[in-house]
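Rule-based calculations on the coordinates, nothing more; no lab input. Keep in mind that what you see is a predicted model, and the values were worked out from it rather than measured. Because the Cβ atoms are built from the backbone with ideal geometry, glycine has one as well, and the counts that use them run over all protein chains shown.
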């Protein structure tokens with residue numbers, strides 16, 4: 001498929017799970033959009049919907065070495081950084097009440113009390129100390145979850161108007177983060193390597 005959809009590529013990231021109850025609500029929105037614009041959009045697998053904290057090894061960046069080997073080489077440092085940060089962070093809520101159409105996706109936007117950004121900044125600061133990191137991890141600057149990818153942008157105006165009526169009203173309780181390996185993107189084939197409980 002186009003736009004790096006269902007593409008075999010390896011990456012490593014840290015994300016937060018969205019509960020089954022909230023995924024069921026988002027599935028209704030996904031299916032409505034899919035039914036209204038058949039052939040124009042691709043749905044993120046509902047079971048794999050998540051909130052990305054940060055990308056550790058980017059699936060599309062050329063590091064000049066194997067991504068799995070790069071991850072394994074730096075894993076002891078990643079592990080210590082993540083454990084240190086998450087042990088000091090208590091559980092918190094993210095409220096999703098906005099839906100947004102970008103040039104290639106439909107995302108839902110969340111708000112919290114600054115916890116996501118605090119964790120991201122702490123991890124970025126620590127990982128910058130690694131002497132052989134070819135690239136800093138790709139870190140979002142908003143709290144979001146991608147629910148739809150746009151594969152045919154024709155009639156984007158009508159698409160935006162339709163999607164704007166689908167605002168979600170969800171509260172996601174973040175009690176843990178997950179270290180995840182992707183082998184088919186985006187969020188198609190994923191393996192949870194470790195779960196970090198907050199405050200432990």
Next item on the list: Quick one: P(r) of the stretch 1-72 from all Cα-Cα pairs, 10 Å bins, percents rounded to integers, in order of increasing distance.
Entry: 16, 37, 33, 13, 1
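Show that you can apply the helix-only estimate: for the chain, add -39,500 (n - 2.57) for every DSSP H stretch of four or more residues, divide by all residues, and state [θ] at 222 nm to the nearest 500. Intermediate results must be reported in sequence, preceding the final value.
Values: 4 runs with 59 residues, N = 200.
Here the helix-only value at 222 nm equals -9500 deg cm²/dmol.
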Margin query: For the pair residue 8/residue 21, report the inter-label distance in nm, with labels modelled 7 Å from Cα in the Cβ direction.
Written below: 4.1
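Give the order of 128, 19, 145 when sorted by the count of other beta carbons within 10 angstrom, beginning with the fewest. If you can, show how the numbers build up before the last one.
On the way: 128 10, 19 14, 145 26.
Ascending number of Cβ neighbours within 10 Å: 128, 19, 145.
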Next item on the list: Express in nm, to one decimal, how much length is gained between residue 197 and residue 60 on full extension, taking 0.36 nm for each residue of separation and deducting their alpha carbon distance.
Entry: 46.4 nm
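Starting from the Kirkwood Rh over alpha-carbon pairs, what translational D in µm² s⁻¹ does the stretch 64-159 have by Stokes-Einstein at 4 °C and 1.567 mPa s? Working shown, then result.
Numbers: Rh = 16.2 Å.
The Stokes-Einstein estimate is 80 µm²/s.
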Check: How long is the gain from residue 95 to residue 188 if the chain were fully straight, where each residue apart is worth 0.36 nm and the alpha carbon distance is subtracted?
Finding: 31.0 nm
